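**Student:** Can you read through this structure? Questions will come right after.
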Amino acid sequence: MGGSEATTAFRWGSALGVSVALFLATAAVHLLIGVATPIFAGGDIGSKVGLTGTKADTAMFGEPPKVLQDSNEALVKTRWVTDRWVGALLVALGILEAAVAWFALREGEGWALLALVVAGLAMLPIHYLAYAPYRAAGISIALREFPPYQWVPALLLVPAAIAGWIGVTKVTALPALLT
């Protein structure tokens with residue numbers, strides 16, 4: 001376990017167990033939304049959903065997402081392809097997060113905690129940059145308008161990282177965490 005001779009049994013109620021559970025929840029969000037995106041994107045639900053909530057998207061683009069898609073076949077085709085790409089990437093991300101959390105972090109591997117935290121942190125500036133046009137236009141976006149695959153993992157990241165750090169350092173020696 002984690003490069004040490006410790007043989008501490010994994011427990012869900014431990015700090016490490018809480019961290020694994022939170023990272024698995026993040027993986028589940030990515031997997032579920034990744035699978036659902038291509039299924040629902042082409043239907044009535046998908047045509048009503050834009051990049052954020054209807055209010056912010058209407059302010060940004062001048063029309064509600066459904067109106068824009070009903071009047072622009074090229075947008076519908078672009079959205080069809082893009083939704084499938086995003087869905088596939090979310091499924092792949094969810095599988096990797098689940099595998100790293102279950103097979104490595106659960107065993108107290110410090111590299112797994114580092115990889116999950118860095119991956120989660122890497123998304124934050126990318127999401128921030130993606131919404132730059134909204135900010136430039138003076139459009140505020142309420143938390144409920146962000147897609148759940150963005151705000152749920154961001155909300156879980158800090159407690160998952162803290163619990164993981166506590167749990168991993170109890171399983172391994174601190175120098176082993178960084179090697």
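**Student:** Say whether the condition of being closer than 28 Å to LYS170 by Cβ and over 17 Å from the mean Cα position of the chain (by Cα) is met by at least one residue in the range 89-103.
**Tutor:** The answer is yes, given that some residue of the range 89-103 is closer than 28 Å to LYS170 by Cβ and over 17 Å from the mean Cα position of the chain (by Cα).
**Student:** Taking the range 80-128, which residues are aliphatic (A, V, I, L, M) and at pLDDT below 95? Give the steps one after another, and end with the answer.
**Tutor:** Taking the range 80-128 and keeping what is aliphatic (A, V, I, L, M), we get 81, 86, 88-93, 95-96, 98-101, 104-105, 112-119, 121-124, 126.
Passing the criteria: VAL81, VAL86, MET123, LEU124, ILE126.
**Student:** Conditions first: (1) farther than 30 Å from GLY53 by Cα; (2) free of Cβ contacts under 8 Å to residues at least 40 places away in the same chain. VAL118 passes all but one, so which condition is the exception?
**Tutor:** With (1) farther than 30 Å from GLY53 by Cα; (2) free of Cβ contacts under 8 Å to residues at least 40 places away in the same chain applied to VAL118, the lone miss is (1).
**Student:** Another one. Taking the criterion of being surrounded by 14 or more Cβ atoms within 10 Å (Cβ to Cβ), in contact with a helix residue (DSSP H, G or I) (Cβ under 7 Å, 6 or more places away or on another chain) and not in a helix (DSSP H, G or I), would at least one residue in the range 82-98 satisfy it?
**Tutor:** No: the range 82-98 contains no residue that is surrounded by 14 or more Cβ atoms within 10 Å (Cβ to Cβ), in contact with a helix residue (DSSP H, G or I) (Cβ under 7 Å, 6 or more places away or on another chain) and not in a helix (DSSP H, G or I).
**Student:** As an exercise: evaluate THR58 against (1) modelled with pLDDT of 90 or more; (2) buried (at least 19 other Cβ atoms within 10 Å of the Cβ); (3) of a type in the set (Val, Ile, Thr) and give the number of the one condition it does not meet.
**Tutor:** (2)
**Student:** If we keep just the residues of the range 27-51 that are under 20 Å from the mean Cα position of the chain (by Cα) and outside any helix (DSSP H, G or I), which is modelled with the highest pLDDT? Before you say what the answer is, go through the steps one by one.
**Tutor:** Of the residues in the range 27-51, the ones under 20 Å from the mean Cα position of the chain (by Cα) are 27-41, 46, 49-51.
Narrowing the set further to residues that are outside any helix (DSSP H, G or I) leaves 49-51.
Details: VAL49: 69, GLY50: 75, LEU51: 79.
Among those that are under 20 Å from the mean Cα position of the chain (by Cα) and outside any helix (DSSP H, G or I), it is LEU51.
**Student:** Among the candidates GLU107, GLU145, single out the residue that is of a type in the set (Asp, Glu) and under 25 Å from VAL20 (Cβ atoms).
**Tutor:** Values: GLU145 fails: under 25 Å from VAL20 (Cβ atoms).
Exactly one residue qualifies, and that residue is GLU107.
**Student:** Related question: Checking the condition more than 30 Å from LYS170 (Cα to Cα), part of a helix (DSSP H, G or I) and out of contact with any helix residue (DSSP H, G or I) (no Cβ under 8 Å at 6 or more places or on another chain), which residue from TYR128, TYR149, TYR134 passes? Walk me through it before giving the result.
**Tutor:** Working: TYR149 fails: out of contact with any helix residue (DSSP H, G or I) (no Cβ under 8 Å at 6 or more places or on another chain); TYR134 fails: out of contact with any helix residue (DSSP H, G or I) (no Cβ under 8 Å at 6 or more places or on another chain).
It is TYR128.
**Student:** So is SER4 in a loop (DSSP other than H, G, I, E, B), among the hydroxyl-bearing types (Ser, Thr, Tyr) and modelled with pLDDT under 65 or not?
**Tutor:** Working: in a loop (DSSP other than H, G, I, E, B): yes; among the hydroxyl-bearing types (Ser, Thr, Tyr): yes; modelled with pLDDT under 65: yes.
For SER4, the condition - in a loop (DSSP other than H, G, I, E, B), among the hydroxyl-bearing types (Ser, Thr, Tyr) and modelled with pLDDT under 65 - is met.
The values are calculated or read from the model by the stated rules, or taken from the named source; none is laboratory data. Keep in mind it's a predicted model, so treat the numbers as computed, not measured. Backbone-built Cβ (ideal geometry, glycine too); neighbour counts: all protein chains shown.
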